[in-house]
Structures are given as structure tokens and as C-alpha cells.
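The values are calculated or read from the model by the stated rules, or taken from the named source; none is laboratory data. It should be emphasised that the depicted structure is a prediction, and the values quoted were computed from it without experimental measurement. We place every Cβ from the backbone using ideal geometry, glycine too, and count neighbours over all the protein chains shown.
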């Protein structure tokens, strides 16, 4: 039933209260304890559809998400290529450093709320959490944007005037992250088309405006990139708020600290994953710049190969949010098939590395062949860890996934440091791969226990 057809039906939690003879508690409970907020029904709610979008199967969602992300990544790579050709290497290095910091800031300032929105919306247990989490995300995004612009402007005054060229990126970081959080509602409802179309349109708009500014105006290319990125992100933000606002059913207040209690494990998992990017810095410190170059080439060139497993992982989270130990068989089969297929692909890629590297990267990078092969093997376990983590988060074991992420990030950075010190880039790659083996083993053990014990979805 569409929201616009017929009389508006009451949200499912009001219906349950009416049946049990108890009225909804209103504001006093909406800001209540974590136990109240985290309460889940024993079965999937029978209420009306939460949006007009029909629910697509996991395979269809995966196709949309992976296809859209690959296309968006290609467009983004083209934008970066045009920027590289338009500026000197030193200027691009300056830009890349600041751009990387702002990307990390996006993760630190979301507090795991976008993931919380997706899971709670998919479970359809308490719409008040979803609406309140989005409002809190608005405040956090605004705070992040103001701080990034203020700090960047201050650095432009006291350190380097080139920082002024990067001021629009503060607006980009806030608007893009907030738009993605709001569109998580539609994604949780089962329609990946809207998110994919928005992402691709954002990249196309960014590319078109960047090309126009660099060709027909005297604006510095770095500033042109910032303006085009911010404009595309703001357009995406407007669309997300207009489209999603009509799907939200609750305006009840939920205390911010209660939301953070629910979302911090998702945030911790994301932060721990981001911390792995310190690996190249560590190998450079313990083994020198040459070995760091070989390792960075392997780590960064293989990162696009993770688009497929991470795309499926994003689909598995809402899909598993209404499953329990007895209804997960279909998702488990899908994970097994995907990991097996990716394993074969990565192993073939590893065998082809000795022939591809000299042709693509040049003879100077032949020392990175072994490192690339080890990294390719590690990607099999990285894919498994990503998919298993999403399944466990979906069934409510978010604290376990967060703890595992922190533990294995420590293992990763220590392994990279020790391996790099003893055996250079190849040893560092072994440390990275070993951390993925540990992570996937720990997660598959917990998932097996969840199924054998017939645990409920939490």
C-alpha cells in the first residue's frame, strides 16, 4: 500500500501498543533507556510497507550497487586524472593530503549513525530511532562542515594561502556524507536504484562542472574541483532530504546519548577499518621509501578489487536484519558462492601479476610482484571478513564485530611493521594478509556459533 493511497495507517509500534491495551508512552519513553530503544520483535513486523519502493532481491540490489559503484569509481578516477594533468605534482600532493584528511573526518563525525539508520529501518522495529538518528546526523554534519571550513581558512591565514583553494571541500564533505545517510532509508527499504542513480549523477555533475570551470574560466583547477564537488554534493543533499522526508513517520524525540549507545559499535568498526590506512606510513618508517613504494603500489592498486565484496556487504546488512539462525541459509549460500568466485578470480590475478606488472607499471616496479601476489591472496580473506561482518551486524552482534575490527587492526599494523622490518614490502604484505585471515576466522567462528545455538536476531 502506498503512503499516498487511502487512509494513512498507523506506524507498527503504535499498533502493537493498541493491541496490548497500552498507549504509546510519548516523549518520556522516546528519550528513555537503551533497552527500550534496542527492543526487537520476535518476528518481522506485519505493518504496511515503509516506502512505495518494492523490495528487490539481494542479487538485484547487489547488481545495482556494484555496478553503480564501479561506474562512479571510474568517473571519479577520470576527474582525478584531469586534475593531475592540470596541476604540478607538488600541488596535487598538497591537495591529496588535505583531501585524505577530510575523507577520514567524514568517518569520525558520523558516529556510526548511517549504519544504525539502515539496520533499524530494515528491522522496522522503532521508526523513532531512524528519524532521530537522521536529525542527529544533520547536526553532526553541520558541525563537521563548519569546523573543516574554519580550520582550512585558519591554515590559509597562518600557514599556506593554498588552503583557501580547498575551502569548498568542507561543504562537500558535510553535504555528501549527510546525503548518503538519508538515502540509507531508501536503501534499507530494498530499492538500491535511487542510491545508485544519486551516486552516479553526483559524479557526472561533478565531472561536468569541473571540466566547464577549467576550460572556460580562469579558476585554479584545485578550486574548480572543490567548487564542483561541493555543488554536486549539495544537489545530492537536496534530493535526499526531499525524497526521504516523506517516508519518515516519527517526530518523537530520542536522546542523543541513547542513539550513540546504539551506534558506537558501527562507528568503532569504521574507525578501525580506516586506521588500517596507516600501514603504508609504518612500512615507510621501518623499511624505507623504496619498500614503502612497492607496498603502497600493491595495497592501493588492489583496493578497487574490493568494490564487489564491499557492495555485497552493504546489501547483506539490511537483508540480514530480519533474519535469525534458522532463516539465514540463503544468505550463507550467497556468501559462500561469492567468496569462492572471488577466491578463484584473485588467485588467477595473482598468477598473472609477474606478466602484468612490468607492462603496466614498468620495470622499476618488478620488486612489487611478490607483494602484489601476497596481497591478492589476502583479498580472499578480506572479502570473507567484510561479508561475514555485515551478516553479524545485521543479526545484532555489532559489538562483537567492532571488537574484532579493533583487534585485527592492531594485528594488521603490528604485522605490517614487523614483517616490513624483517622482510621489506613482502613481509608487510604477509602481515596484512595474516590480519585478514585472523579476522575472517574469528567472524566465521562466531557466525557458526550463532547458527548452532539457534540464537535470535538481537
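Summary of values
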item	result
Verdict on residue 410 being within 18 Å of residue 266 (Cα to Cα), assigned to a helix (DSSP H, G or I) and without any contact (Cβ under 8 Å) to a residue 12 or more places away in the chain	yes
Options 388, 443, 397; residue that is at pLDDT below 90, touching a helix residue (DSSP H, G or I) at 6+ places or on another chain (Cβ under 8 Å) and buried (at least 17 other Cβ atoms within 10 Å of the Cβ)	397
Within segment 118-148, tally of residues that are outside any helix (DSSP H, G or I) and farther than 20 Å from residue 390 by Cβ	1
Selection within segment 237-283 - within 28 Å of residue 191 (Cα to Cα) and without any contact (Cβ under 8 Å) to a residue 40 or more places away in the chain	238, 242, 245
Some residue of segment 284-298 being in contact (Cβ under 8 Å) with a residue 24 or more places away in the chain and either assigned by TED's automatic domain parsing to the domain that holds residue 188 or within 24 Å of residue 450 (Cβ to Cβ) (or both)	no
Selection from segment 270-308 of residues that are within 22 Å of the chain's Cα centre (by Cα) and surrounded by 23 or more Cβ atoms within 10 Å (Cβ to Cβ)	279, 298, 299
Residue count for segment 140-191, restricted to those that are buried (at least 18 other Cβ atoms within 10 Å of the Cβ) and touching a residue at least 24 places away in the same chain (Cβ under 8 Å)	34
Segment 340-379, residues that are without any contact (Cβ under 8 Å) to a residue 12 or more places away in the chain and outside any helix (DSSP H, G or I)	362
Some residue of segment 219-231 being within 18 Å of residue 71 (Cα to Cα), over 17 Å from the mean Cα position of the chain (by Cα) and either at pLDDT below 90 or buried (at least 21 other Cβ atoms within 10 Å of the Cβ) (or both)	yes
